[in-house]
Amino acid sequence: MNPLKKTGWFDLQKALSHTGDSFRQLAVLNPLTIRRKGSRAKAVFALSLVCFFWGTTWLASKQGVRYMPPLQLAGIRQILAGLCYVAYFVWRGEKWPPLREWRIILLLGFLNFFLNNGLTTWAMAYISAGLGAIIGAIFPLWLVVIGVFGTSGRIPPRAILGLLTGFAGVCVIFYEHLQDFWHSGFRFGIMLSLAATWCWAFGSIYTKRYAGSFNPYFSLGLQMLVSGICLLGLCSATRMSIPLAAIPWQSWLSIGYLVVFGSIIAFIAYLYALQNLTTEQTSLYAYVNPIVAVLLGWLLFGERLTPVIALGGAITLAGVYQVNRAYKLPGGGDKEETS
């Protein structure tokens, strides 16, 4: 008998081989060597950017609305980001959508940006970034509710289980915030966040049904631009704005971060990941975003983080995961734009 087998040499060699494989899998996230890797490695790196940046946009919005009206911040952000997209496609010679497609573009802009992003940003003036991110992640649960009342098809049992699990997690989180419901501002922020998730759910359904006939990237920029103009118009009409010269540098820094990292880099990275990874792999961002927002909110802004909130968040995300698995949903669309 080979004496090396008695010493367990082959077992050790096998273990070292598995360890080496694990380190090589982790190495795909190394940004210093990403250019030398294949499309899958780049897609994994792109997805890691999405997970981080879309999680931080909740904090950037929270920081920005401390110094200026929330809807004005959302409007300026959308206009600047929309201009970047539109200018790029105009420079590339992209044809403008025909008149028949503008109805769809305007409706999607109204649901996804004017309402969803506007309400979410407004909510940041009243609730924590972490809580807002968790509420934003439950929008797939609303898709199940809409399916129950809006279709005659059979709802998968796993989706029903996910729905019940997700709402149980929300109840656990709100148990920790029961005393906060005495404050009208907190109640208003929760209502805004929930309304935003409903808008995003309806926007996602409408996008899937009608928006497959035109350039989604050019359409995205047009939706942002139009909704941003409408938001600023609403702010001006209701006097919920301040002069541009009066906006402090903290808010401009937040707007710049949201435009560059939230609306441009992260969304392009998301599209790249979606094209090179499976839908289930890409949906990972929907579960990581709230974790990033909660942890950074606790570290940077001193937001409350207790075992009860952590447990409720985990239960909620587990419910969302069950729903996504039942329908094989992508975990949401441009999640940043929900934040």
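Values quoted throughout were computed directly from the atomic coordinates according to the rules given, and no laboratory measurement underlies them. Every value quoted in this text rests on a predicted model; they were computed, and no experiment measured them. FYI the Cβ positions are ideal-geometry reconstructions off the backbone, even for glycines, and counts take in every protein chain you see.
The calculated FRET efficiency for the pair Arg103 and Arg304, based on their C-beta separation and a Förster distance of 45 Å, comes to about 0.55.
Subtract the Cα-Cα distance of His183 and Ala245 from 0.36 nm times their separation in residues, and report this length gain in nm to one decimal. Spell out each step's value before the answer.
Values: separation 62, 0.36 × 62 = 22.32 nm, distance 3.27 nm.
The His183-Ala245 span can extend by a further 19.1 nm.
Extension gain, Thr238 to Tyr175, is 19.1 nm, computed as 0.36 nm per intervening residue step minus the present C-alpha separation.
The protection proxy used here, the mean number of other Cβ atoms lying within 10 Å of each residue, ranks peptides 66-79, 39-52, 222-235, 295-308 as follows, highest first: 66-79, 222-235, 39-52, 295-308.
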